[in-house]
Amino acid sequence: MSAFSAPSGFYAQRLARLGAVLAPMAGYSDAPMRQLAAEQGALWTVSEMISARGLVHGGENESLNLGRPYAGETGRVVQLFGAEPAVLAAAVQKVESWFAPAAIDLNMGCPVPKVRGKGGACLLQTPEVAYELIRAMKSATGLDVSAKIRLGWDSNRSLEIAQGLSEAGAAVITVHGRTSAQRYTGEADWEAIARVAASVPTPVIGSGDIVSVGGARQRQQLGVAAVMIGRGAVGNPWIFRALASGQEQIPSPSERAAVALRHAELQHHFYTAPHRQRTGEMKAASMRPLRKVLPKYLPDQPELHAALVQVETLEQVREVLAPLLDVKGSQGYSASASAGARYAVTRS
Ligand SMILES: Cc1cc2nc3c(=O)[nH]c(=O)nc-3n(C[C@H](O)[C@H](O)[C@H](O)COP(=O)(O)O)c2cc1C
């Protein structure tokens with residue numbers, strides 16, 4: 001019997017607006033990136049995938065950075081991967097009580113070896129297991145449960161799989177328009193995504209290769225409920241602003257620099273934590289994870305890239321960006337306040 005019913009939860013509410021969704025991206029869609037995307041009008045954001053087994057049997061707790069929200073975070077979907085119904089159900093309960101998500105998503109698309117064999121894209125080979133997982137997850141929570149798939153394992157089975165997920169009660173189905181075998185090669189097949197959107201009553205979110213506002217608008221015409229943006233949002237949270245407001249304002253180099261700095265400040269704020277060895281001391285967050293991100297904010301300033309890929313501290317980020325920041329001297333720059341104010345001004 002079909003579990004499909006007209007959506008009325010978090011997703012339905014968010015899909016009443018215009019905009020785009022921030023994709024889950026391991027190593028990228030952490031709290032700082034989600035915060036910038038949400039501020040710029042993303043419909044919702046999705047966490048990096050979290051192992052259900054790790055949550056249930058791995059001794060994790062609510063301090064896990066992968067799941068922990070930033071202060072005041074709303075509209076964040078937590079994504080789980082796994083393959084055992086009972087473990088997924090238990091993980092859903094932990095996620096709900098620890099991380100206060102808006103909804104919970106099942107990863108059915110990640111092709112990396114760590115995930116293969118335990119869930120992720122492997123579920124595309126055994127979709128009946130995925131349907132059972134969705135039912136188990138739904139039995140553990142009143143929140144919306146969704147799934148994110150690829151077109152198939154090595155051939156396109158997306159219609160059949162989306163139909164099964166819909167019948168199992170998924171509130172939203174996100175389709176990345178490649179097979180698992182394709183990894184990230186070739187182009188995402190948006191015609192295949194459109195066929196899925198036309199064939200199931202569940203809202204379908206399309207994912208793959210959107211790097212511009214024009215590209216997003218074109219794909220929005222294909223019958224999907226919304227589009228999702230991953231790599232195209234790295235160093236480019238403004239793409240959400242343009243799609244939510246309908247107006248594209250090209251950010252100036254100083255706005256780009258201010259938001260890059262704000263990203264670094266959010267990184268500092270979220271990851272600075274008590275020192276493990278030295279009681280009473282704090283360990284400042286490293287900027288290393290941002291080395292791959294900061295240059296993307298400034299595609300037209302290649303002369304800064306060599307320095308940006310070597311930053312270790314927040315102060316170093318500030319020094320590198322200082323020439324672009326639209327303030328009198330980097331010394332007097334009150335980073336959060338200035339960047340926040342610039343943000344607010346440009347958003348209004
Ligand atoms: C570095 C990286 C990490 C990713 N991690 C995840 C993940 O944790 N869960 C998931 O469902 N998809 C993950 N994806 C896939 C993206 O969510 C998205 O579907 C894919 O990148 C295509 O969209 P894009 O072209 O807009 O990036 C990842 C992609 C990249 C590039």
Checklist line | Residue in the stretch 233-258 that is modelled with the lowest pLDDT, counting only those that are of a type outside the set (Lys, Arg), away from the ligand (no atom under 16 Å from the Cβ) and within 21 Å of Pro323 (Cβ to Cβ) | finding: Ile250
Margin query: Go through (1) farther than 21 Å from Trp44 by Cβ; (2) within 15 Å of the ligand (Cβ to nearest atom); (3) at pLDDT 95 or above for Ala103 and report which single condition fails.
Written below: (1)
Item checked: Set Gln35, Gln79: member being buried (at least 23 other Cβ atoms within 10 Å of the Cβ) and either in contact with a Ser or Thr (Cβ under 6 Å, 6 or more places away or on another chain) or closer than 24 Å to Thr126 by Cα (or both) -> Gln79
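Give the residue that is nearest to Gly120 (Cα to Cα), with candidates limited to residues of the stretch 47-67 that are part of a loop (DSSP other than H, G, I, E, B) and touching a residue at least 60 places away in the same chain (Cβ under 8 Å).
Ranking the candidates gives Met49 first.
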Margin query: Just checking, does the stretch 80-97 include any residue being in contact with an Asp or Glu (Cβ under 9 Å, 6 or more places away or on another chain), of a type in the set (D, E, K, R) and closer than 30 Å to Val213 by Cα?
Written below: no
Note to self: It is to be established whether one or more residues within the stretch 109-116 are surrounded by 23 or more Cβ atoms within 10 Å (Cβ to Cβ) and more than 13 Å from the ligand (Cβ to nearest atom).
What the structure shows: no
Notebook entry, point to check: Looking only at the stretch 28-43, which residues are within 13 Å of the ligand (Cβ to nearest atom) and part of a loop (DSSP other than H, G, I, E, B)?
Noted result: Tyr28, Ser29, Asp30, Ala42
Checklist line | Single unsatisfied condition, Trp153 versus (1) within 28 Å of Ala31 (Cβ to Cβ); (2) assigned to a loop (DSSP other than H, G, I, E, B); (3) touching a helix residue (DSSP H, G or I) at 6+ places or on another chain (Cβ under 7 Å) | finding: (1)
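The values are calculated or read from the model by the stated rules, or taken from the named source; none is laboratory data. What you are looking at is a predicted structure, and each value in this text was computed from that prediction instead of being measured. Note: ideal-geometry Cβ built from the backbone for every residue, glycine included; neighbour counts use all protein chains shown.
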